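The values are calculated or read from the model by the stated rules, or taken from the named source; none is laboratory data. Just so you know, these numbers come straight off a predicted model, no measurement behind them. Ideal geometry is used to build each Cβ from the backbone, glycine not excepted, and the neighbour counts take in all protein chains shown. Note: accessible area is taken over every heavy atom of the protein model, side chains too, but ligands, DNA and RNA are not part of it. Shrake-Rupley method; radii C 1.70, N 1.55, O 1.52, S 1.80 Å.
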Amino acid sequence: MIQLIGPGGAGKSTVGALLAARLACPFLDLDREFERRHADIDAFIAAHGYAAYARANVEAYRDLTRAPRGAGVLALSSGFMVYPASVHPAYATLREAVARDRATVVLLPSLDRGACVAETVRRQLARPISRRDAAREQAVIEERFGRYAGLPARKVETMRPAAEVVAAILDVLGATAGETLSPASQDQVRDHAI
């Protein structure tokens, strides 16, 4: 399973769907799975609090990844890698496994902090969610940038057309496909690399 992580607005859902189509494999979006189970994320957080959301999201992730699915692409929620370790009994172990998995890719608009912050805020405010606030979005990405950039997973910048981001992901995964992916997934990456 190729796992895409990064801040909101990094392109995980857009790029993940294109990557899955390119590899002819399923695309899963943890946010959509959460909403399928519990309803709107913002409404759930308003009703139950962020900690309850994070716990339920970890459970949704565990369920999605527990069942054998074969090759696929999974876009994780923007905050998934930065929850407090105490949010769920299994979280610290899961987080470390995701961070070190050779098929995990961190998507960031830019590896330059200032450019990443500016582009993330711009993208978040352009979303059709009217509750976005520039100061809040800026504070979130400023707090999280170093945490994403410091993860041991491969990084891909997303301030370019989505098709180029897909090609970059295939390049970084293909470079070590023998160590990264199952034999079937290795064949898919090789067959679809540019």
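Annotations for the structure displayed:
- Database remark: amide H of GLN3 closer than 5 angstrom to the amide H of LEU74, THR104, VAL105 (H placed geometrically; neighbours at sequence offset of 5 or more, or on other chains; Pro and chain starts carry no H).
- Placing one equal scatterer on every Cα of the chain and applying the Debye formula, the log10 ratio I(q)/I(0) at q = 0.09, 0.10, 0.14 Å⁻¹ is -0.31, -0.39, -0.79.
- Surface composition of the stretch 1-136: carbon and sulfur atoms hold 55% of the protein heavy-atom accessible area at a 1.4 Å probe.
- Where labels lie 7 Å past Cα in the beta-carbon direction, separation of MET159 and ALA118 in nm: 0.7
- Values of log10 I(q)/I(0) for the stretch 51-153 across q = 0.16, 0.19, 0.23 Å⁻¹ run -0.82, -1.09, -1.33, by the Debye formula with one identical scatterer at each alpha carbon and no solvent.
- Taking all protein chains together and a 1.4 Å probe, the residues MET81, MET1 rank MET1, MET81 from largest to smallest accessible area.
- Remark on the stretch 120-164: ratio of C-alpha radius of gyration to 2.2 N^0.38 Å is 1.35.
- Only DSSP H runs of four or more residues enter the estimate; each adds -39500 (n - 2.57), and after division by the residues of the chain the mean residue ellipticity at 222 nm equals -18000 deg cm²/dmol.
- Rounded to the nearest Hz, the phi-derived 3J(HN,Hα) couplings of the stretch 80-85 under the Karplus curve 6.51 cos²θ - 1.76 cosθ + 1.60 (θ = phi - 60°) are 4, 7, 10, 5, x, 4, where x marks glycine and proline.
- Based on protein heavy atoms only, the stretch 1-142 ends up with 46 Å² per residue of surface accessible to a 1.4 Å probe.
- Approximate spin-label separation ARG132-ALA51, in nm, with each point projected 7 Å along Cα-to-Cβ: 3.0
- Estimated FRET transfer efficiency (ALA139, ALA21; beta-carbon r; R0 22 Å; 0.05): 0.05
- Bridges between two residues of the chain, per DSSP, are antiparallel at a rate of about 0%.
- Residues whose amide H lies under 5 Å from that of ASP29, counting only those 5 or more places away or on a different chain, are ALA75; hydrogens are built 1.01 Å from N in the peptide plane.
- Largest mean-square fluctuation among ILE141, ILE45, ILE169, in a Gaussian network model of the chain whose springs join Cα atoms under 10 Å apart, belongs to ILE45.
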